[in-house]
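Data block below; observations after.
Read-outs: derived from the displayed coordinates by stated rules, not from any lab. No experiment lies behind these values; they were computed from the predicted model shown. Positions of Cβ are backbone-derived with ideal geometry, glycine not excepted, and every protein chain shown enters the neighbour counts.
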Amino acid sequence: MLVRNCWYVAAWSHEVAEQLFSRTLLGDPVCFFRNSLGEVVALADRCAHRGAPLSKGRIEGDSVRCMYHGLKFDSTGRCHEIPGQDRIPPQACVRSYPVIERDNWIWIWMGDAENADPARIPPTWSLGSAEWAYKPGYYRYAAPHMLICDNLLDFSHLGYVHPTTLGGTENIAQKRPTVTRGDGVVRVERWLTNEVPAPFHTKVASFSGLVDRWHFYDFHVPGVLVMYSGVQATGTGAPEGHIKDALEFRSCQAVTPESESSSHYFYAVPRNFSIEDQHITDTIFQDIVDAFEEDRVMIEAQARNLEQAGKWTMAAIVADAALGQFRWLMSQALQREAATSVTAAS
Ligand code: FES
Ligand SMILES: [Fe+2]
């Protein structure tokens, strides 16, 4: 079961440009385009006539024309032209989805449109700030959305999955984070003091000795990570709040189900140092891509294993604390949906 009454990241802004753009979200094919004002429109990518993809059609002003038999739909999904006929039957419409474009992400609401409150979109300001530099990333995962969320909720895997990229030390798993649950969000805070810098850090800065590292993040339902992380020389006061000559990052990552068994993963690691330096932007991006590929290999293998396992019970450990809290929030969201009428895909 997938939660529908929440905001999901559907695309990076640059993905919806001049052309029609299609992406399957929560099992529904969705067609995106920009109207004459440049605003993003999202319609069910299935023509009301005989089900051809609208994304194989043509943008005409604020409308899209299906290029099978020529029906034309406006940005609300209403058909307003049928070649060779004057009367438009009321069922000749496609579903339109609420969308909000903010900070270079396009958010979509796949549930009941009347509940689509923009105030519920998590704060991802670093993606839209001129003070922070990054390169946008995207992966398609052959794994359920929840397994990717699990991975992001427990960084104890850094030392094992990412020893030569993001990790650097298996001590990460020894240092327990603080985990708290709020309204629709799990907060995870972890300090790693007196540690070696990650290989990823040493590529963009020279630390002569040990460092203090921190990962503070909010993980929002249904799978959006907003993180403040950093690294600073040990003994210079970072744990006491004196941030000076640190490498600081404001990462945003979002996991959106494509289906019950596959997912979209949007990510970026904005930084506020050397923001004009394209070489550093490219180096950080490549390191992140290399590291996230390590995650992908492990999680897709895990997904295949779990699919084969059928009825099988996982053995919980202390490091699963944040996963447990997040799963509780997701189960609450599903129960709320079950108690109200949830919009089915049209
Ligand atoms: S399927 Fe779209 S016009 Fe016929
Ligand atoms: Fe990872």
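Checking every one of the GluC sites (Glu not before Pro) in region 268-334 against DSSP loop status and a limit of 15 other Cβ atoms within 10 Å picks out Glu276. Full extension of the chain between Arg176 and Ser36 yields a length gain of 45.2 nm, computed as 0.36 nm times the residue separation minus the alpha carbon distance. When +1 charges are put on Lys and Arg Cβ atoms and -1 charges on Asp and Glu Cβ atoms, the dipole computed for region 135-273 relative to its Cα centre reaches about 260 debye.
Net length available on complete extension from Asn194 to Ile317 is 41.7 nm, with 0.36 nm assigned per residue and the Cα-Cα distance removed.
Inverting the pair-averaged 1/r between distinct Cα atoms of region 241-321 gives 16.1 Å as its Kirkwood hydrodynamic radius. Here region 7-119 is treated with +1 on each Lys and Arg Cβ and -1 on each Asp and Glu Cβ, and its dipole about the Cα centre works out to around 500 debye.
The gain in end-to-end length when the Tyr68 to Thr234 segment is fully stretched comes to 53.3 nm, 0.36 nm per residue minus the alpha carbon separation. Taken along the Cα-to-beta-carbon direction at a fixed 7 Å, the label points for Thr24 and Trp12 span 2.3 nm. Cα convex hull, region 29-158: 166 Å³ per residue, rounded to a whole number. Here the spin labels are modelled as points 7 Å beyond Cα on the Cα-Cβ line, and at Ser206 and Asp86 they lie 8.2 nm apart. Ordering Thr178, Val204, Leu71 by the projection of their Cα atoms onto the charge dipole of the chain, which places +1 on the Cβ of Lys and Arg and -1 on the Cβ of Asp and Glu, puts Leu71 at the extreme positive end. Considering only Thr234, Phe266, Ala246, and ranking their Cα positions along the charge dipole of region 232-346 that arises from unit charges at the beta-carbon of Lys, Arg, Asp and Glu, the one farthest toward the positive end is Phe266. A simple spin-label model places the labels of Ala142 and Asp117 4.1 nm from each other, with each point 7 Å out along Cα-to-Cβ. No disulfide-compatible partner, judged by a Cβ distance under 4.7 Å, exists for the following cysteines of the chain: Cys6, Cys31, Cys79, Cys93, Cys149, Cys252. Put a plus charge on the Cβ of each Lys and Arg, a minus charge on the Cβ of each Asp and Glu, and nothing anywhere else: the dipole of the chain about its Cα centre is then about 800 debye.
Would you work out the Kirkwood radius for the chain? I mean one over the mean of 1/r across all pairs of different Cα atoms, in Å. Spell out each step's value before the answer.
On the way: mean 1/r = 0.0458 Å⁻¹.
After inverting the mean inverse Cα-Cα distance, the result is 21.8 Å.
Dipole of the chain computed with +1 at Lys/Arg Cβ and -1 at Asp/Glu Cβ about the Cα centre; of Ile148, Phe216, Ala92, farthest Cα towards the positive end is Ala92.
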